[in-house]
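Here the structure is laid out as structure tokens; the discussion comes afterwards.
What follows draws every value from the coordinates through simple rules; no lab data is involved. Predicted, not measured: the structure shown is a model, and the values here were computed from it. Quick reminder, even Gly has a Cβ in these numbers, built from the backbone with ideal geometry, and neighbours come from all protein chains shown.
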Amino acid sequence: MEIATTRYGATTMADQDFDPPRPRLGGAGPAILGIVGFVAALLIFSLVLVLLDVLPNPLSKSSRAEPQPVAPATSGPAKLAQSARFAKPGECVLNQGTDTKPDLIMVKCEPGSLEVLERKEGTTNVEECRSVPGYRYHYFYDSDLGDSFDFVLCMRKRP
């Protein structure tokens, strides 16, 4: 057995058999397997969405038309898309909540809805409605963002 001395004073075993390092996985094989796995997962995901009717079936020959939404026939006022927080004088709202916890929605002005007579900005003082002719109902909004977003709606019920 021979001991070799290096220039820096370290010794190594010259006659010892070393196993060559194991080759690393690399090359095109693993990359191709990864791409094939991704494409397979994407196809399975798409198939699940087709089966759940989230996506249309591309293989179906029937061209079924999507049903058009139909507005339900109601006896009450029709709802509008705009929030009741933006109600202006002359527009109408409807309270779907309670007197203690109101939930106002914008509606078309019909009998039974509440017509906004006046909107008082920057306050929550409902006493300001007393001077409005025809006033009977009020709603106030107290914003957490400051008084400039507060308002009071002075309203009457439409006959």
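Here are a few things to note about the model shown:
- Net charge of Cβ neighbours under 12 Å - reference R130; Lys, Arg +1; Asp, Glu -1: -1
- For region 79-157, the extents of the C-alpha atoms along the principal axes are 33, 28, 22 Å, listed from largest to smallest.
- Net charge of Cβ neighbours under 10 Å - reference E91; Lys, Arg +1; Asp, Glu -1: +2
- Packing order of peptides 112-123, 129-140, 93-104, highest average first: 112-123, 129-140, 93-104 (average count of other Cβ atoms within 10 Å over each peptide's residues).
- Remark: region 79-157 carries a charge dipole of roughly 380 debye about the Cα centre, counting +1 on each Lys and Arg Cβ and -1 on each Asp and Glu Cβ.
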